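In what follows, a single structure is set out as structure tokens and then discussed.
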Amino acid sequence: MTDISNKFVVVTLTHGEAKIWATGIDKGQKPEKIHVPASGNHHHFRTDPKLSNATKESTQVITYFNEICAAVSSENEILLIGHGAGKASEMLHFIQFAERKHPEVAKKIVDAIEADVIALTEPQILALARTWFEHYR
């Protein structure tokens, strides 16, 4: 496999944790883990028209997303893997956050794959990333 470290990073996102493989996608690679700070594991979106921003993000989630952006900011390409659809998709929330607050990171996102990352083992996630990389590169 081609050396892709410092060029290509895989990030899995759930409501409570992000795993970042920045050292490559070869078998046996271990991810860096970033956790949502305490009491930030749940999103509560309000649709109150009196609010200036209908989707107020909690401070914990903003901190979580900022930490992920900082961890991947030096990479050239980012592959996101997450699950959920619509308002339940942490991956979608992260992409929207990155587009608004860290456009330099958002531009590096090459794809977003929907997969049940909670049900997948780390080797299965890496195999999924390798399959994507072989197909699209």
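The values are calculated or read from the model by the stated rules, or taken from the named source; none is laboratory data. As the structure is a prediction and not an experimental result, all values here were calculated from the model. Please note: Cβ atoms are built from the backbone with ideal geometry, for glycine as well, and neighbour counts cover all protein chains shown.
Table for the structure above
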| quantity | calculated |
| --- | --- |
| Pairs where the first residue, in the stretch 107-118, is at positive phi and the second is exposed (fewer than 15 other Cβ atoms within 10 Å of the Cβ), C-beta under 6 Å, 6+ apart | none |
| Flag for Lys101 being over 14 Å from the mean Cα position of the chain (by Cα) and either closer than 17 Å to Ala18 by Cβ or of a type in the set (Val, Ile, Thr) (or both) | yes |
| Those residues of the stretch 56-75 which are out of contact with any Lys or Arg (no Cβ under 9 Å at 6 or more places or on another chain), in contact (Cβ under 8 Å) with a residue 24 or more places away in the chain and of a type in the set (S, T, N, Q), in sequence order | Gln60, Thr63, Ser74 |
| So Ala88, is it surrounded by fewer than 16 Cβ atoms within 10 Å (Cβ to Cβ) and either under 19 Å from Gly16 (Cα atoms) or at pLDDT below 95 (or both) | yes |
| Top-ranked residue of the stretch 61-97 - restricted to ones that are of a type in the set (Asp, Glu) and not in a helix (DSSP H, G or I), ranked as nearest to Lys33 (Cα to Cα) | Glu75 |
| Selection from the stretch 12-36 of residues that are outside any loop (DSSP other than H, G, I, E, B) and surrounded by fewer than 18 Cβ atoms within 10 Å (Cβ to Cβ) | Glu17, Glu32, Lys33, His35 |
| In the stretch 74-98, the residues that are under 13 Å from the mean Cα position of the chain (by Cα), more than 18 Å from Phe8 (Cβ to Cβ) and among the charged types (D, E, K, R) | Glu90 |
| Residue tally, condition in a loop (DSSP other than H, G, I, E, B) and among the aromatic types (Phe, Trp, Tyr), over the stretch 98-137 | 0 |
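Condition check ((1) surrounded by 11 or more Cβ atoms within 10 Å (Cβ to Cβ); (2) acidic (Asp, Glu); (3) at pLDDT below 95; (4) more than 29 Å from Gly28 (Cα to Cα)) across all residues:
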{"residue": "Ser52", "(1), (2), (3), (4)": "no, no, yes, yes"}
{"residue": "Glu57", "(1), (2), (3), (4)": "yes, yes, yes, yes"}
{"residue": "Cys69", "(1), (2), (3), (4)": "yes, no, no, no"}
{"residue": "Phe94", "(1), (2), (3), (4)": "yes, no, no, no"}
{"residue": "Val117", "(1), (2), (3), (4)": "yes, no, yes, no"}
{"residue": "His135", "(1), (2), (3), (4)": "no, no, yes, no"}
